[in-house]
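Data first, discussion second: the structure below is written as structure tokens.
The values are calculated or read from the model by the stated rules, or taken from the named source; none is laboratory data. As the structure is a prediction and not an experimental result, all values here were calculated from the model. Glycine gets a Cβ as well: all are built from the backbone with ideal geometry, and neighbour counts include every protein chain shown.
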Amino acid sequence: MLDGAARAPRDETARSARGGAARPRRRRRYAPYLLLTPAVLVLLAGLGYPVYWQVVTSLQEYGLAQQFGQPPTFVGLDNYARIFADDALWAVVVRSIVFCLVNAFVTVLVGLLFALLMRAVPTALRLVLQVAMLLAWAMPMVAAVVVFRWLFDYRTGVINWLLTQVGLTGFQGYAWLSQPLSFFFVASVVIVWMSVPFVALSVYAGLVQVSEEVIEAARIDGASPRQIVTSILVPLVRPVLSIVLLLQVIWDLRVFAQIRLLQDAGAPVSETNLLGNLIYELGVGRQDFGGAAAVSLFVLALTALLSWPYVRSLMKEDS
């Protein structure tokens, strides 16, 4: 009897302990979701409605008449069929993808080189480089494009004058923005110049986290400076490089204002349009908001498609 009476309180204590341990665990399981709920609601309100409006508009005939109050007409997938049957769209898509990938990789490469340079130079010179890049990054985009238009102007541009001075007389009076190939070269220079500071400073922040003991050990083992960079520094900052490359792909695929401002200098619009400019031309120029919405959703899907390999690699590294 005594043994049974003694076991009963112990069993009740054990059950209460198990029950008490289970309840807090259940609360902790749902706590992160409850904390994330306000942020998710804000994102749905801020981003979900514009996407919903784009989807609805892409299924309607929405033009100039609808701007003055006439109700839109539901046309289903006619906007998609009409836009995607146009060969000009696919020329713009190929042009945009090539332009995006080339600029993204060049930007990350140049940014990596600047980050390595900042790590190697003395403090005073490093501060000068950082201030210069911050000033370039902070310059308003319109002002930067106007400056580059002056530099590459075919009459009074500094670039043509310099090339002529070194003996390349073929560039005297050369109109950089009138030919598609040279136009995209100038556009790439503008975009890379404006994007490199972000990449360089981000990668440099990752480089300064590399322990000097690792570098010193590699030097003692006889590693050359090139081997230290390629086998130690770059692999250790690969997550940072992946993130900035992903961001550059997204940003460069959606570029619009730089191309538009350069086109205003006399470039052939039909041969220099990218996806952002095509959407602007359809919506604002032709008042075809249904077609513009269809292309916008296609750009969204294309952005997700191009970004997925990088997102998947980041998820594998985190797992």
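Please pick out the residue among 131, 146, 142 that is in the same structural domain as residue 257 (by TED's automatic domain parsing), surrounded by fewer than 16 Cβ atoms within 10 Å (Cβ to Cβ) and free of Cβ contacts under 8 Å to residues at least 40 places away in the same chain. Outline the logic, then answer.
Working: 146 fails: free of Cβ contacts under 8 Å to residues at least 40 places away in the same chain; 142 fails: free of Cβ contacts under 8 Å to residues at least 40 places away in the same chain.
Of the residues listed, the single one that is in the same structural domain as residue 257 (by TED's automatic domain parsing), surrounded by fewer than 16 Cβ atoms within 10 Å (Cβ to Cβ) and free of Cβ contacts under 8 Å to residues at least 40 places away in the same chain is 131.
Test each condition in (1) within 30 Å of residue 96 (Cβ to Cβ); (2) in contact with a Ser or Thr (Cβ under 9 Å, 6 or more places away or on another chain); (3) of a type in the set (S, T, N, Q) for residue 172 and report the one that comes out false.
(1)
What do you reckon, is residue 81 within 30 Å of residue 277 (Cβ to Cβ) and within 21 Å of the chain's Cα centre (by Cα)?
no
Determine, yes or no, whether residue 265 is in contact (Cβ under 8 Å) with a residue 24 or more places away in the chain, out of contact with any Lys or Arg (no Cβ under 9 Å at 6 or more places or on another chain), within 14 Å of residue 190 (Cβ to Cβ) and among the small types (Gly, Ala, Ser).
no
If a residue must be under 18 Å from residue 101 (Cα atoms) and out of contact with any Asp or Glu (no Cβ under 8 Å at 6 or more places or on another chain), how many such residues does the stretch 271-311 contain? Spell out the reasoning first.
The first filter runs over the stretch 271-311 and keeps only residues under 18 Å from residue 101 (Cα atoms), leaving 272-277, 298-311.
Narrowing the set further to residues that are out of contact with any Asp or Glu (no Cβ under 8 Å at 6 or more places or on another chain) leaves 272, 274-277, 298-311.
Count: 19.
Please count how many residues of the stretch 40-77 are surrounded by fewer than 16 Cβ atoms within 10 Å (Cβ to Cβ) and assigned to a helix (DSSP H, G or I).
Of the residues in that region, 19 qualify.
With the checklist (1) in a helix (DSSP H, G or I); (2) under 17 Å from the mean Cα position of the chain (by Cα) in hand, flag the one item residue 255 doesn't pass.
(1) is the only condition that residue 255 fails.
Step by step: first the residues of the stretch 258-272, then only those that are part of a loop (DSSP other than H, G, I, E, B) and in contact with a Leu (Cβ under 7 Å, 6 or more places away or on another chain), then the one that is surrounded by the fewest Cβ atoms within 10 Å (Cβ to Cβ). Which residue is that?
Here the residue is 266.
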